[in-house]
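This report refers to the structure that appears directly beneath it.
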Amino acid sequence: MNDFIRIQNLTKIYTMGDMAVQALDDVSTTINRGSFVTIMGPSGSGKSTFMNILGCLDRPTSGSYSLDGENVGGMDRDQLADIRNRKIGFVFQQFNLLARTSAVENVELPLLYSADGVDAGHERALDALRLVGLAGRADHHPNQLSGGQQQRVAIARSLINNPQIILADEPTGALDSRTSIEIMAIFQRLNREKGISIIVVTHEPDIAQYGERMIAFKDGRIVSDDSIRGRRDAVQELQEEAIAS
C-alpha cells in the first residue's frame, strides 16, 4: 500500500458562541507517498482547515487521519508537535523570517525544538540553502534579500529536519509571476529528486497546474479530484526562458 496520507470521514466543526460552523463535512481521500498535490477552493471552502489538520496544527472533530501509518487524528498536543517536528515542513505566504537574524540562522530555527540541537545542524542549514540556490547568501539578513529569496530561505527552513512532506499555504501569493515560477520549480525539483511529498494550497489556477493532481474544495467538501494531464513543468519553463534570452 502506497498511501502516505489516509483521510476517512473527516469532519471539523468550530463553535463560535452559540453558533456551530462546519468547516469540513465528511471528507475522505488518500495521497500517495512522493505525490505533488495542489488544493484549490474559494475563501471559506475548507481548504485551509484541511491543510491545518494535515499539518497536525489542528485536530478533527470526527473521522480519522493517518500519516505514514500513524493514526494522528486523536493525538494530543505534544504528540502532534512531535509528528510536525519529525515529518512535516511548512511554507507560508508570509515568509515569517526573523528580521535581525541571518538566512542560515533562520533556517536553523526549527532545530531549537529538535533533539539534535542547533550546533549539529549548521551544515544541514547550509546544505538546505544550497538546495534552494542561496549558497552565497547564508549571512544575509531578510532586508538584504528579495521577496523570492526570502521565500527560498523559508523553503530551506522547511527542509532542515528532513521532512517527508512539505505543506505550502499560498507560497506564491506575495510574489510576481516570474518569481512564482522559480518557487514552483524548487518544489518540483524537491519532489522529483528528493522524493518529498508536496501539498500546495493556492487560489491561483496557473500555480495549481504545476502539481500532478488537483483537489478542489467547496463548502467543506471535495468537489473534484483530478490528475493534471497537461501539468506545467516550471524547471523546463525557466530553462527555455534562459535559452531565449
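Inspect the range 1-10 for any residue being closer than 24 Å to residue 92 by Cβ, aromatic (Phe, Trp, Tyr) and not in a strand (DSSP E or B) and give the result as yes or no.
Within the range 1-10, none of the residues are closer than 24 Å to residue 92 by Cβ, aromatic (Phe, Trp, Tyr) and not in a strand (DSSP E or B).
Quick one: in the range 50-89, which of the residues that are within 13 Å of residue 168 (Cα to Cα) and in contact with an Asp or Glu (Cβ under 8 Å, 6 or more places away or on another chain) is surrounded by the most Cβ atoms within 10 Å (Cβ to Cβ)?
51
Restricted to the range 151-182, and to residues that are in contact with a strand residue (DSSP E or B) (Cβ under 9 Å, 6 or more places away or on another chain) and aliphatic (A, V, I, L, M), which residue is nearest to residue 235 (Cα to Cα)?
That would be 155.
Limited to the range 131-153, what total is found for residues that are surrounded by 13 or more Cβ atoms within 10 Å (Cβ to Cβ) and either over 14 Å from residue 96 (Cβ atoms) or of a type outside the set (A, V, I, L, M) (or both)?
15
When the range 71-94 is examined, which residues are found to be touching a Pro at 6+ places or on another chain (Cβ under 7 Å) and part of a loop (DSSP other than H, G, I, E, B)?
If the condition is that a residue be touching a Pro at 6+ places or on another chain (Cβ under 7 Å) and part of a loop (DSSP other than H, G, I, E, B), then 73, 93 are the ones that fit.
Here are 244, 185: which of them is touching a helix residue (DSSP H, G or I) at 6+ places or on another chain (Cβ under 8 Å), more than 30 Å from residue 61 (Cβ to Cβ) and surrounded by fewer than 21 Cβ atoms within 10 Å (Cβ to Cβ)?
When all the criteria are applied, what remains is 185.
Being charged (D, E, K, R) and surrounded by 14 or more Cβ atoms within 10 Å (Cβ to Cβ) is the filter; apply it to the range 16-46 and report the residue that is nearest to the chain's Cα centre (by Cα).
33
Please specify each residue of the range 205-230 satisfying the condition of being assigned to a loop (DSSP other than H, G, I, E, B) and surrounded by fewer than 15 Cβ atoms within 10 Å (Cβ to Cβ).
219, 229, 230, listed by residue number.
I'm trying to understand the selection: among the residues of the range 1-15, which are surrounded by 14 or more Cβ atoms within 10 Å (Cβ to Cβ) and farther than 18 Å from residue 219 by Cα?
3, 4, 5, 6
Values quoted throughout were computed directly from the atomic coordinates according to the rules given, and no laboratory measurement underlies them. No experiment lies behind these values; they were computed from the predicted model shown. For neighbour counting, all protein chains shown are included, and Cβ atoms are generated from backbone atoms with ideal geometry for every residue, glycine included.
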